[in-house]
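**Q** Got a structure for you, written out below as structure tokens; questions coming shortly.
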Amino acid sequence: MSDLLALGKWSLSQQPFSCLMETKFEKAEKGKVVLSLDVRDEFKQNYGAVHGGVISYMIDVGLAYAAASEIRDCVTSELKINYLRPAVGEKIVARAKSIHVGSRQVVCECQVFSRQAGEEMLVAIGIGTVNRVTDNKQN
């Protein structure tokens, strides 16, 4: 297992919300990560598709970890999501990558797929900015 993958799995295990969601860290390399989530009934909205908040969470986590593989300690400062189609199936897969790496921020993209019967369908695309966490406390 790569050092980045091991670090990502450990870090994810330290986040209570990600543990509640049972998010899995699948792959990690510099600037790229793959995360997955088994779909549970609790994740569905009233039409049977995965709730947009779950998709948003996967994008947020994907962006943050792709950026963290570049600049380490960081948090998402903004994200934009395009929902393309309902997410139905047994698994959600998020593939994120860094697009631009600066000294204080990273711009990343995340594509989210739903997997059903071995087939993947693109359901959402997100782009966001992730900022380095600093010790400076500014208001």
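Values quoted throughout were computed directly from the atomic coordinates according to the rules given, and no laboratory measurement underlies them. None of the values given here were measured: they were computed from a predicted structure. FYI the Cβ positions are ideal-geometry reconstructions off the backbone, even for glycines, and counts take in every protein chain you see.
**Q** Quick one: which residue in Ser98, Ser103 is closer than 17 Å to Asn131 by Cβ, more than 15 Å from the chain's Cα centre (by Cα), of a type in the set (S, T, N, Q) and not in a helix (DSSP H, G or I)? Talk me through it step by step, then tell me what you get.
**A** Numbers: Ser98 fails: more than 15 Å from the chain's Cα centre (by Cα).
Exactly one residue qualifies, and that residue is Ser103.
**Q** Moving to a separate point now. Taking the condition of being closer than 19 Å to Lys9 by Cβ, in contact (Cβ under 8 Å) with a residue 60 or more places away in the chain and either surrounded by fewer than 19 Cβ atoms within 10 Å (Cβ to Cβ) or not small (Gly, Ala, Ser) (or both), how many residues in the range 37-70 meet it?
**A** Of the residues in the range 37-70, 2 are closer than 19 Å to Lys9 by Cβ, in contact (Cβ under 8 Å) with a residue 60 or more places away in the chain and either surrounded by fewer than 19 Cβ atoms within 10 Å (Cβ to Cβ) or not small (Gly, Ala, Ser) (or both).
**Q** Looking at Lys80, is it buried (at least 16 other Cβ atoms within 10 Å of the Cβ), of a type in the set (Lys, Arg), within 19 Å of Ile125 (Cβ to Cβ) and under 15 Å from the mean Cα position of the chain (by Cα)? Give the steps one after another, and end with the answer.
**A** Working: buried (at least 16 other Cβ atoms within 10 Å of the Cβ): no; of a type in the set (Lys, Arg): yes; within 19 Å of Ile125 (Cβ to Cβ): yes; under 15 Å from the mean Cα position of the chain (by Cα): yes.
Spelling it out, it is not the case that Lys80 is buried (at least 16 other Cβ atoms within 10 Å of the Cβ), of a type in the set (Lys, Arg), within 19 Å of Ile125 (Cβ to Cβ) and under 15 Å from the mean Cα position of the chain (by Cα).
**Q** When you look at Val54, is it touching a strand residue (DSSP E or B) at 6+ places or on another chain (Cβ under 8 Å) and in a strand (DSSP E or B), yes or no?
**A** No: the conditions fail for Val54.
**Q** Also, I was wondering about something else. Can you pull out the residues in the range 48-69 that are out of contact with any Cys (no Cβ under 9 Å at 6 or more places or on another chain) and either closer than 17 Å to Gln116 by Cα or of a type outside the set (Phe, Trp, Tyr) (or both)?
**A** Scanning the range 48-69 gives Gly48, Ala49, Val50, His51, Gly52, Gly53, Val54, Ile55, Ser56, Ser69.
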